[in-house]
Structure formats: C-alpha cells, structure tokens
1. Pull out the extension gain between E60 and V104, defined as 0.36 nm times the separation in residues minus the alpha carbon to alpha carbon distance; nm, one decimal.
2. About the Cα centre of the chain, how large is the charge dipole given +1 on each Lys and Arg Cβ and -1 on each Asp and Glu Cβ? Please answer in debye to the nearest 20.
3. List, in order, the whole-Hz ³J(HN,Hα) value for each residue of segment 72-84 obtained from phi through the Karplus relation with A = 6.51, B = -1.76, C = 1.60 and θ = phi - 60°; use x for Gly and Pro.
4. Restricted to Cα positions, what overall size does segment 1-44 have along the principal axes? Three whole-Å values, descending.
5. Of [x] 28.4; [y] 15.8; [z] 19.6, which one was derived for Kirkwood radius over Cα pairs in Å from the structure shown?
6. Would you calculate, for the chain, the mean residue ellipticity at 222 nm contributed by helices, counting each DSSP H stretch of 4 or more residues as -39,500 (n - 2.57) and dividing by all residues, to the nearest 500?
7. If I model a spin label as a point 7 Å beyond the Cα along the Cα-Cβ vector, how far apart are those points for T13 and M27 in nm?
8. In the chain, with Lys and Arg counted as +1 and Asp and Glu as -1 at Cβ, which of these residues, V104, V62, F119, has the Cα nearest the positive end of the dipole, that is, farthest along it?
Amino acid sequence: MPALLQVCAVIVTIALVAIAIVTIRTMIRFEKAAEQLSETAVAIRDSFEQFHVITREAGELVNSLQDVVPYLTRTASRFESLGERAANLSSSLMEQVESPLRTVLAVLRGFRTGTSQFFERVGHRVTQRTTMHSGGSSHA
C-alpha cells in the first residue's frame, strides 16, 4: 500500500474515532438533558396536582364563606342597631341628667358663695366689735 493511502486511512480512522467520541458525548449530553427534562416534567406534574388540590380547597373555602357571609352580615347589622340604640340611650341619659346636674352644681356654688360671704361679714362685725371694746376700755 502506498504511503499516501496509509496516511489517508489513518486520517480517516482518526476522523471516525473523533466523530464517534463527539457522537457519544453528544448522546450523553442528550441523555442528561432528557433526564433533567423528565425530572422537570415530574416536578411540573406534581406542581399541577398541588395546584389542583389548592384550587379545590380554595373553592371549598369560598363555598363555606358564602354560607357564612349572610350570618356575618346579619350579625353586623345587629351590632350596628345595638350600637345606635346604645348611642341614643346614652344621649338621652346625658340630656336628662346633665341639665339637673348643672342646676344642682350652680345652686351649690351659689350656696357656698353666699355662705362664705355671710361668714366673712359676721367675722368682720365680730372683729369690729372686739376692736371697739378693746380700744374703748384701753382709753378709759
């Protein structure tokens, strides 16, 4: 065999080996990618199942809330009515108690002022009499 054919056979063999190595590496990468894709598909399927469960539970919650909402609305309106009645009652009570209480306080203030003025005048007269008697007896 001529040397040129031998060199070509070696080059072709090396090329075939290189192609085989590249093909094997590519197949390994595709296999890894396929495994990752399979794992991702499983994770997505699990996520969809969880999402479905969550969606169903949310629907059940909404349905139960729809059953409870009328009761809550009625209770809230009752509390509103009760609050209004309490406010009206306290307002009426304040109106009925405030005016007489102010009158009593005014009378007490007037009585206290009058009493203090009375005792001041009585005390002043007693002081004047004692000064007159003590002053008159010291001159005598």
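1. Value of the extension gain: 9.4 nm.
2. I would put it at about 1320 debye.
3. Result, ordered by residue: 5, 5, 5, 5, 4, 5, 5, 5, 4, 4, 5, x, 5 Hz.
4. So the extents along the principal axes, rounded to whole Å, are 62, 8, 7.
5. Label [x] holds the value from this structure.
6. -38000 deg cm²/dmol
7. Each label point lies 7 Å from its Cα, and together they span 2.2 nm.
8. Among V104, V62, F119, the one farthest towards the positive end of the dipole of the chain is F119.
We did not get these values from a lab; they are worked out from the coordinates using the rules stated. Just so we're clear, the structure is a prediction, and the values are computed from it rather than from any experiment. Positions of Cβ are backbone-derived with ideal geometry, glycine not excepted, and every protein chain shown enters the neighbour counts.
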